[in-house]
Amino acid sequence: MTQRIKSGVNLSQRRETRAGYLFLLPWLIGFFCLTVIPMIASLYFSFTSYDMMTDPVWVGLSNFSKIFTSDVKFQYSLRVTTTYVLLGVPLQLAFALLLAVIFKKDRPGIRFYRAAYYLPSLFGGSIAVAILWRQLFNKTGVINQMLAVIGIQGKNWINSPDTAIYTLISLLIWQFGASMVIFLSSLKQIPQDYYEAATIDGASRPRQFFSITLPLLTPMVFFNIVMQFINAFQAFTPAYIVSAGTGGPMNSTLFYTLNIYLQGFSYFKMGYACALAWILVALIGAFTGLIFGTSKKWVYYD
């Protein structure tokens, strides 16, 4: 009898396992066909000279050697992307945290404002938003019209090598909604008793923020930093639309991903583009590893 019960249980478990894999099958097919296999192919092509019209020719480390020794556009794109990430992400998160603190308390109409400020993040990376940003910052755009009201003569922000990158950084900062919602949910989890005790001890609002709020938010700060850094390194659409697909003016908006696109689909150097792509993977991994490595010193878990 016991053997029959065990056999029945094992049969039931096998059926559940098969059913689970059956439901996972569409995802597994997509994962292998759209992620794993293309990654393996890309790694192979990175060691070849491949123009997508003729068979790839094995060149070994030649692509990587050229990237690090003689490719000026690689240097430009890396510099532009690093500037975009290191300036844009911290400012975006600071702005998101500021608004999360402001929107923490329930007030009349607060839900409408939370939704309204979250809305831009829903369109992050979309072509429509990039086109809108291009119209806002061109010579006859709304920004210059507003400046003209107070007597300031504007400029063509997106066509100036000194300011073009900052228009894209401002777009990144504007899409702070997702981070704001994460901070807001975390703020609501902090026990109010901490603030009451600090108030009794005479701690000011700024002191309460830096001694209570910020330390308890560090896990969410850590999460947002990792996610936003990865997303920012992969940004493509804003630079492509604002620069009309050229990375100009004077390579000032030549994002790393845009450089990969141009090498692969404009210059037909797909093998070279794959090599650039794997360097980007390594860079993202290095930045992520650095953040994880330093997190023990500044992330506090309650």
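Among residues of segment 73-116 being out of contact with any helix residue (DSSP H, G or I) (no Cβ under 6 Å at 6 or more places or on another chain) and among the basic types (Lys, Arg), the one that is surrounded by the fewest Cβ atoms within 10 Å (Cβ to Cβ) is 105.
For segment 45-58, how many residues meet the condition of being in contact (Cβ under 8 Å) with a residue 24 or more places away in the chain and surrounded by fewer than 18 Cβ atoms within 10 Å (Cβ to Cβ)? Give the derivation first.
Restricting attention to segment 45-58, the residues satisfying the condition of being in contact (Cβ under 8 Å) with a residue 24 or more places away in the chain are 45-53, 56.
Those still in the list that are surrounded by fewer than 18 Cβ atoms within 10 Å (Cβ to Cβ) too: 49, 51-53, 56.
Result for segment 45-58: 5.
Counting residues in segment 152-169 that are in the same structural domain as residue 250 (by TED's automatic domain parsing), surrounded by fewer than 15 Cβ atoms within 10 Å (Cβ to Cβ) and of a type in the set (A, V, I, L, M, F, W, C) gives one or more. Checking each residue in segment 271-299 for being part of a helix (DSSP H, G or I), among the aliphatic types (A, V, I, L, M) and touching a Ser or Thr at 6+ places or on another chain (Cβ under 8 Å) picks out 275, 277, 280. Restricting attention to segment 248-259, the residues being in a helix (DSSP H, G or I) and within 17 Å of the chain's Cα centre (by Cα) number 3. Of the set (1) at pLDDT 90 or above; (2) within 30 Å of residue 301 (Cβ to Cβ), all apply to residue 201 but (1). Screening residue 63 with (1) in contact (Cβ under 8 Å) with a residue 40 or more places away in the chain; (2) surrounded by fewer than 17 Cβ atoms within 10 Å (Cβ to Cβ); (3) outside any loop (DSSP other than H, G, I, E, B); (4) not hydroxyl-bearing (Ser, Thr, Tyr) gives one miss only, at (2). Answer yes or no as to whether residue 173 is farther than 23 Å from residue 248 by Cβ, at pLDDT 90 or above and surrounded by 16 or more Cβ atoms within 10 Å (Cβ to Cβ). Here the answer is no, as residue 173 does not meet what is asked. Considering segment 265-302, and only residues there that are in contact (Cβ under 8 Å) with a residue 24 or more places away in the chain and of a type in the set (Gly, Ala, Ser), the residue that is nearest to residue 228 (Cα to Cα) turns out to be 295.
Is it true that residue 84 is modelled with pLDDT of 95 or more and farther than 21 Å from residue 188 by Cα? Working first, answer last.
Details: modelled with pLDDT of 95 or more: yes; farther than 21 Å from residue 188 by Cα: yes.
It is true that residue 84 is modelled with pLDDT of 95 or more and farther than 21 Å from residue 188 by Cα.
The values are calculated or read from the model by the stated rules, or taken from the named source; none is laboratory data. These numbers come from a predicted model, not from an experiment. No Cβ is skipped: glycine too gets one built from the backbone with ideal geometry, and neighbour counts run over all protein chains shown.
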